[in-house]
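Structure first, commentary second.
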Amino acid sequence: MSTVRDTAVVLRRIEFSETSQVLAVFTRDHGRVRLIAKGVKRSTKTRFAPAIDLLEEGSLLFSPRTGTAEALSILAEWKQTRSFSGLRERLLRVRAAEYVAETTAMLTQDFDPHPALYDALTATLMRLTDASDETALPEVVAQQRNLLIATGLLPRFDACVLCESEGPLPYFSALEGGMLCRSCEAGLAEKRVVSAATLSVLRGGDAAGGAVGAFDILDYHLAHAAGREPTTAAALVPPQRRRSLH
Ligand SMILES: [Zn+2]
């Protein structure tokens, strides 16, 4: 049985039982991998004990299984390298990290490597370990952009996606994949109002003050791309805070 060594962050704990864990991890060199880890219970005398936690980073050895969509790779060894323990000290840090992890799992594919995205993800998690309630959301927005860039899904923010006009650009369409000018938006039903301050953040500008608006648009876009809402979004930014923006 061939095994590979890599480093990974735990994105999701899919199942957890007395005798095994099923995890979705994001590896640096193999992309997203779903793993079964047997005998992870703290009480068992195996090298896996204690159980592997969400959002920790480890070096791992696993046997890849890629035959079917349901195939789980088999975890042979997990050695924690970073626990990002500062995340657990503030609720908003945990929520920010959980959102970043969930959206990474949603938009990446099994065995489709994105080493630069892996490095950006772990750097974001490190910064979140001592983030304040003011800096946590701007970190998330930067990572939303990193994720959309890595997966080739970053919308067009510099000009109207339909006619190339450079402005004003008061609307965003997830379906069209970018901003819309006043003449192009008129015929489209699927669109969101975007303020000039939000647009500046979406273009990569300083997120101070415009982070909620930028989060809202990028979350809307990645939910559209993935076909479902991230379940962790509402805990991070309550829907009423998002609705009051536009
Ligand atoms: Zn236009």
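The values are calculated or read from the model by the stated rules, or taken from the named source; none is laboratory data. A quick note: this is a predicted structure, and the numbers were derived from the prediction, not measured. These accessible areas exclude ligands, DNA and RNA; they are computed on the full protein's heavy atoms, side chains included. Shrake-Rupley method; radii C 1.70, N 1.55, O 1.52, S 1.80 Å.
Measuring between their Cα centroids, the stretch 87-140 and the stretch 154-191 lie 28 Å from each other. Would you mind checking the tilt of helix 91-107 against the longest principal axis of the Cα atoms of the chain, expressed as 0 to 90 degrees and rounded to 10? Rounded to the nearest ten degrees, it is 90. With everything on Cα atoms, drop me the angle between helix 115-128 and the longest principal axis of the chain, reported from 0 to 90° to the nearest 10. Taking Cα atoms only, the helix is inclined about 90 degrees. Take the stretch 4-83 with all the other protein chains still there, run a 1.4 Å probe, and you get 50 Å² of accessible area per residue. Of the whole protein surface, residue 17 contributes about 50 Å² of accessible area at a 1.4 Å probe radius. Based on DSSP H segments of at least four residues, each scored -39500 (n - 2.57), the chain has a per-residue ellipticity at 222 nm of -10000 deg cm²/dmol.
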